[in-house]
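These notes concern the structure reproduced below.
The values are calculated or read from the model by the stated rules, or taken from the named source; none is laboratory data. Remember, it's a predicted structure, so these values are computed and weren't measured experimentally. In this analysis, Cβ positions are derived from the backbone assuming ideal geometry, glycine residues included, and neighbour counts consider all displayed protein chains. Ligands, DNA and RNA are excluded from the accessible area calculation, which covers all protein heavy atoms including side chains. Shrake-Rupley method; radii C 1.70, N 1.55, O 1.52, S 1.80 Å.
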There are 2 protein chains.
Amino acid sequence: MEFPEITPPDQQAHRDAVARHEQLIKPTGSLGRLEELGVWATACQGVCPPHPFVRPQVVVFAGDHGIAAHGVSAYPSEVTQQMVVNFLSGKAAVNSLAAAAGAAVRVVDVAVDWNPAAGGGPPSVTQHKVRRSSGAINRQDALTEEEVTQALNAGVAIANEEVDCGADLLVAGEMGIGNTTPAAVLVAAMIGEEPVSVVGRGSGIDDAGWMRKAAAIRDALRRARPFGGDPIALMRTVGGADIAAMAAFLAQAAVRRTPVILDGLVVGAAAMVAEELAPGARQWWVAGHRSVEPAHTMALQHLELEPILDLGMYLGEGSGAVAALPLVQMAVRVLAEMATFTEAGVSGPLGAPLPAR
Amino acid sequence: MEFPEITPPDQQAHRDAVARHEQLIKPTGSLGRLEELGVWATACQGVCPPHPFVRPQVVVFAGDHGIAAHGVSAYPSEVTQQMVVNFLSGKAAVNSLAAAAGAAVRVVDVAVDWNPAAGGGPPSVTQHKVRRSSGAINRQDALTEEEVTQALNAGVAIANEEVDCGADLLVAGEMGIGNTTPAAVLVAAMIGEEPVSVVGRGSGIDDAGWMRKAAAIRDALRRARPFGGDPIALMRTVGGADIAAMAAFLAQAAVRRTPVILDGLVVGAAAMVAEELAPGARQWWVAGHRSVEPAHTMALQHLELEPILDLGMYLGEGSGAVAALPLVQMAVRVLAEMATFTEAGVSGPLGAPLPAR
């Protein structure tokens, strides 16, 4: 899988947005992070002033993980398929959050352990399915080499489908019982961390579960160590079809010059893979939030992304990214709608030169 | 000014919301702070599940401060009146943010240093005017005793007007060149802090301005020290008509059982006064954000409020509160719209008792 070279967000639009922030009727910098977000969005859109995003799209990548059978999750694997049904009926958390934020939600069955013919939903859900579940990564490969390619192609295709349908901002979410285990392994493998430092409580495991998860991560990490610098091999040995598809989705979003709000640990791990596959892709992303998972903070540091929110969330589904979406929209609207000092007849700072008209 | 005893938010609705969060199809606690916010909003509304707020209202309290003539602000005082005009024309930051969040904005001239007959806007802006500017608090009282009463009455009246017109969530914002100086003095006086620890850069003063502001705060604090435990006397000696009106507005919101999102330092200082005037009022408030002003963090700690956002903002106008409004709405929608495990046919945690229907 080769991605074309990533074109960075537009530098002229970036400079224009910085300059515009100095002319709007507020002290420069007084909107803090909102100013930076507005500048980033402007650079992604390539024109200043920017316009509010009109079709933000969440894609939830659903997949099961063989490792779940090893007691690493508080929930049974069947919850993955049950939640796919609930995303379709609009009753899950990400549905409410996305509705509030003005975003649409699509769920894609990449590797759910069920037969989609038995009720897996419309083609938008099922057409990119790679396999039923990914392998138990403490003992076996997650995927074959062909399946890695298939999953990456799925992610590229999904990004293209959404952008071609008009999506102007993308969010990757995920649903998969057990998926924080491969995500933590991937982060540890890529940055050389010890197993115990990346073990989090996922959806809320107890202490015994934490120990089982730590053992699974340790065993998987041993299998992954030879491949730390090879993201494709990592996807095969300790990844998963859903995570590989997400990684390609995030990389392809950058190829298509479409900004992305990242979610928590699982998306963060996929983002680290994506940045390896398509260096510079991260310039098209912002981090929506910091999850409570320790490996997520490591992934954010590695990607040099500062999260917008820090609300103690750990649900996944894209929820933390969607929660930050209104702030991104606000950041854009400020640049798009506010008056300049000159337009508004407002006096500038004392002792400062008169603003240019 | 005597406020009636504050009725706390509904405890049964609070318990119902906590219980509902355990039944919704997500790990309990996985939405982090959003869950707490939803519970708070439910308790304020008094019924579970809650409904999204339908008429959030921002009120910007505008007032000038004599202390501005002592070089404590980066901007000239005339900016206060210029910004009132811009709030009315919808071109200020809070207008964009509020429009994005679905809130209306009203601006009230409490003590702007202009003649409202000369273009101060409609009666909703001018009818509660107390005086032109408040006194330079390093050397003189901000207000007379009668003006304090008048300002407090204005705040009560404004809260009543908004709630009577259907506002179901309130935000107090402020506009007033120099107003972080009395705000910092109030915080320091109420919690016994040293002057230097409460001096912030306001709208962005340079080092020389910082020193002038520190001197002004020191002198005002000397005048305030005898009145640390008497909020009415503090309003008179080192407050301001706008801050007094805001304090009464925040207290009256609680009297009217209407939740509030607090903004930054100036609103925070008013909130500390309000909590003195109407103990328990703070149960009806959440802190929208943490501003960069050091005294704001002290005010939040004193009120035992944890801010939702921490985005390095320091604009005022209610901007930090309005930025948090979409998260409050999301928190409510999650409780209102998500399915329960039983409704959705989703398996609960492994080893957990079956959820009650």
**Rounded to whole Å, sorted largest first: equivalent-ellipsoid semi-axes of region A:192-350, Cα gyration tensor** = 36, 19, 13
**Asked** Residues of region A:68-115 losing 20 Å² or more of accessible area relative to the isolated chain, 1.4 Å probe, heavy atoms only?
**Response** A:Ala74, A:Tyr75, A:Pro76, A:Gln82, A:Met83, A:Asn86, A:Lys91, A:Ala93, A:Ser96, A:Leu97, A:Ala99, A:Ala100
**Fill in**
With Cα coordinates, the longest principal axis of chain B makes an angle with the long axis of helix B:241-255, in degrees rounded to 10, of 20 degrees
**Request:** Using the heavy atoms of the protein chains and a 1.4 angstrom probe, tell me the accessible area per residue for region A:56-322 in square angstrom.
**Result:** 30 Å²
**Item:** All lysines inside 24 Å of B:Lys129 as judged from Cα atoms, apart from same-chain residues fewer than 8 positions distant
**Value:** B:Lys91
**Request:** When you have a sec, figure out the Kirkwood radius of region A:150-283 from all distinct Cα pair distances and drop it here in Å to one decimal?
**Result:** 15.0 Å
**Prompt:** Can you give the Kirkwood hydrodynamic radius of the protein assembly as shown from its Cα pairs, in Å with one decimal?
**Reply:** 26.3 Å
**Request:** Please state the charge dipole magnitude for the protein assembly as shown, taken about the Cα centre, from unit charges on C-beta atoms (+1 on K and R, -1 on D and E), reported in debye and rounded to the nearest 20.
**Result:** 60 debye
**Message:** Given the options B:Ala278, B:Ile158, B:Pro195, identify the residue whose Cα lies farthest towards the positive end of the charge dipole of region B:56-322 (+1 on Cβ of Lys, Arg; -1 on Cβ of Asp, Glu).
**Reply:** B:Pro195
**Message:** Just to be sure I follow: if Rg is taken over the C-alpha atoms of region A:1-61 and Rh is the Kirkwood radius over the same atoms, what is Rg/Rh?
**Reply:** 1.09
**Cβ charges +1 (Lys, Arg) and -1 (Asp, Glu), total dipole of region A:181-325, debye** = 340 debye
**Item:** region B:290-330 - Rg over Rh from alpha carbon coordinates, Kirkwood radius
**Value:** 0.96
**Item:** Acute angle (nearest 10 degrees) that the helix A:33-45 long axis makes with the longest principal axis of chain A, alpha-carbon atoms
**Value:** 80 degrees
**Asked** Which Cβ of chain B lies nearest the axis of the rotation superposing B onto A, and at what whole-Å distance?
**Response** B:Pro326, 2
**Prompt:** If you put +1 on each Lys and Arg Cβ and -1 on each Asp and Glu Cβ, how big is the dipole of region A:56-322 around its Cα centre, in Debye rounded to 20?
**Reply:** 280 debye
**Prompt:** With axes computed from alpha carbons, what is the tilt in degrees of helix B:294-303 against the longest principal axis of chain B, rounded to the nearest 10 within 0 to 90?
**Reply:** 50 degrees
**Complete:** When B and A pair up, the total accessible heavy-atom area removed from solvent (1.4 Å probe), in Å² to nearest 100, is 4400 Å²
**Request:** Could you name the aspartates and glutamates whose alpha carbon sits less than 15 Å from that of B:Lys213, not counting residues in the same chain fewer than 8 places away?
**Result:** B:Glu194, B:Glu293
**Item:** Cα-based Rg of region B:56-322 normalised by 2.2 N^0.38 Å, two decimals
**Value:** 0.88
**Listed residues B:Asn86, B:Phe53, B:Val125: farthest to the positive end of the dipole of chain B (Cβ charges)** = B:Asn86
**Fill in**
Accessible-area loss of at least 50 Å² in the complex relative to the chain alone (1.4 Å probe) applies, within region B:300-333, to B:Leu311, B:Tyr314, B:Leu315, B:Met330, B:Arg333
**Message:** Checking buried surface per residue: for region A:2-28, which residues lose a minimum of 50 Å² accessible area in the protein assembly relative to the chain alone (1.4 Å probe)?
**Reply:** A:Ile25, A:Pro27
